[in-house]
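The values are calculated or read from the model by the stated rules, or taken from the named source; none is laboratory data. Keep in mind that this is a model prediction, so the values were computed, not measured. Note: ideal-geometry Cβ built from the backbone for every residue, glycine included; neighbour counts use all protein chains shown. When the accessible area is computed, the model is the full protein with side chains, heavy atoms only, and any ligands, DNA or RNA have been set aside. Shrake-Rupley method; radii C 1.70, N 1.55, O 1.52, S 1.80 Å.
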Amino acid sequence: MKRQKIVTFGELLLRFSKPDHLRLTQGDMFTSKYGGSEANVAVSLATLGEDVTYITRLPDTPVGRAGAMCLAQLGVDTRHVLYGGQRIGTYYFEPPAGMRAAKVIYDRGNSAYYDLMPGMIPWREILKDADIFQVSGITAAISQQAADATFEALDIADEMGKTISFDINYRKNLWRYGADPRATLQRMLSRCDMMFGDAIEFEWISQHPQPPFTATDSNFQMQMKEYGEWFDELHAQYPRCKHWLMGMRNIVSSNHHTLTALLWSEGELLQAPIMNIPDVVDPVGVGDAFMGAYLHARQVYPDNKQKQLNYSLAAAALKNTIPGDFNLSTDEEIRTGMKLLGEAAAELAAEQAK
């Protein structure tokens with residue numbers, strides 16, 4: 001199998017949490033991990049054997065250099081990382097516990113990425129051999145100059161005929177510089193060939209109410225007709241985008257989630273079996289794991305869209321079991337997860353046939 005050349009672009013973050021489910025206001029020790037949506041996708045792809053380059057701007061400090069080294073050790077090409085600015089962007093994560101919801105606090109103002117400007121990154125050189133350019137809505141949410149740099153990258157990738165993959169990643173707490181988030185992300189969406197988001201994000205960007213997903217186990221019945229009509233409307237509005245991926249999660253409790261996904265691809269709508277995850281360890285980066293696995297699965301199963309979808313959902317489900325932002329699941333582990341999905345689907349079909 002020929003490896004794809006994939007370029008991802010976004011802000012690398014340093015994540016801080018308190019150990020042992022302490023609240024951010026408790027204790028005197030933080031643990032730290034590197035992460036961030038586009039970096040998470042890059043690590044997933046590298047773990048699965050793809051040729052992936054990650055583009056960001058980091059401070060030329062031990063903390064910034066260590067972030068690039070972390071990714072390089074996981075197989076990501078960081079040769080084109082730009083260095084400059086004063087600090088790395090950070091976020092503070094308080095994990096959920098019992099009735100307590102997770103909490104995320106961003107600290108990204110005036111970071112090295114925040115001050116990124118058009119013209120700083122040699123996109124034509126970086127993209128010349130690329131098959132896919134992966135970007136997310138977060139890249140345009142940080143600052144006006146970073147948004148301008150994002151659209152510069154999109155315009156060049158489009159001009160060069162690259163496949164553009166877009167994760168909507170709407171984070172309402174990031175949009176502080178005066179831009180209209182929906183208009184900006186719709187502008188990005190109009191340039192993409194494939195899009196991923198969760199059902200809440202799809203509802204937000206399209207202003208179309210979503211059918212409820214309230215599954216507590218794998219027996220939940222999806223409203224496929226309504227979803228199909230919704231995807232048809234979206235494709236009519238954004239005809240360039242031929243592949244739409246929607247993830248759905250129902251949080252039964254802090255450590256018990258159900259997960260499924262839909263793929264609308266060139267007029268065909270597919271559903272992955274519902275995955276029951278009773279022992280969630282870390283829910284951060286699940287969508288990124290899905291996106292990375294999907295980009296890989298398109299290469300592994302070029303003629304089987306159901307397997308592409310099931311592989312992606314199995315990767316997302318596995319990410320729930322891994323601490324930190326990165327999905328370090330191997331191809332063998334994901335294929336085992338696919339087998340479990342297939343068995344669950346067969347059992348459900350047999351039950352429904354009775």
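Check whether at least one residue in segment 142-159 is of a type in the set (S, T, N, Q), modelled with pLDDT under 95 and either open to solvent by 10 Å² or more (accessible area, probe 1.4 Å) or over 26 Å from ASP60 (Cβ atoms) (or both), and report yes or no.
No, the conditions are met nowhere in segment 142-159.
For VAL104, are the conditions met, namely being under 25 Å from SER17 (Cα atoms) and among the hydrophobic types (A, V, I, L, M, F, W, C)?
Yes.
Quick check: is even one residue across segment 35-53 among the hydrophobic types (A, V, I, L, M, F, W, C), within 22 Å of MET120 (Cβ to Cβ) and surrounded by fewer than 24 Cβ atoms within 10 Å (Cβ to Cβ)?
Among the residues of segment 35-53, not one is among the hydrophobic types (A, V, I, L, M, F, W, C), within 22 Å of MET120 (Cβ to Cβ) and surrounded by fewer than 24 Cβ atoms within 10 Å (Cβ to Cβ), which makes the answer no.
Inspect segment 109-127 for any residue being closer than 23 Å to ASN320 by Cα and either part of a loop (DSSP other than H, G, I, E, B) or open to solvent by 60 Å² or more (accessible area, probe 1.4 Å) (or both) and give the result as yes or no.
Checked against the condition, which is being closer than 23 Å to ASN320 by Cα and either part of a loop (DSSP other than H, G, I, E, B) or open to solvent by 60 Å² or more (accessible area, probe 1.4 Å) (or both), segment 109-127 yields no hits at all.
I'm trying to understand the selection: among the residues of segment 289-340, which are among the hydroxyl-bearing types (Ser, Thr, Tyr), in a helix (DSSP H, G or I) and surrounded by fewer than 24 Cβ atoms within 10 Å (Cβ to Cβ)?
Scanning segment 289-340 gives a single hit, THR336.
If you scan segment 247-275, which residues turn out to be touching a residue at least 40 places away in the same chain (Cβ under 8 Å), surrounded by fewer than 21 Cβ atoms within 10 Å (Cβ to Cβ) and either out of contact with any strand residue (DSSP E or B) (no Cβ under 9 Å at 6 or more places or on another chain) or within 14 Å of GLY287 (Cβ to Cβ) (or both)?
Scanning segment 247-275 gives a single hit, SER253.
Answer with yes or no whether ALA102 is within 20 Å of the chain's Cα centre (by Cα), under 20 Å from ASP325 (Cα atoms) and at pLDDT below 95.
Spelling it out, ALA102 is indeed within 20 Å of the chain's Cα centre (by Cα), under 20 Å from ASP325 (Cα atoms) and at pLDDT below 95.
Residue by residue, here is whether (1) in contact (Cβ under 8 Å) with a residue 60 or more places away in the chain; (2) touching a Lys or Arg at 6+ places or on another chain (Cβ under 7 Å); (3) of a type in the set (Phe, Trp, Tyr); (4) open to solvent by 60 Å² or more (accessible area, probe 1.4 Å) holds:
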{"residue": "GLN210", "(1), (2), (3), (4)": "no, no, no, no"}
{"residue": "PHE220", "(1), (2), (3), (4)": "no, no, yes, no"}
{"residue": "HIS235", "(1), (2), (3), (4)": "no, no, no, no"}
{"residue": "LYS242", "(1), (2), (3), (4)": "no, no, no, yes"}
{"residue": "LEU245", "(1), (2), (3), (4)": "yes, no, no, no"}
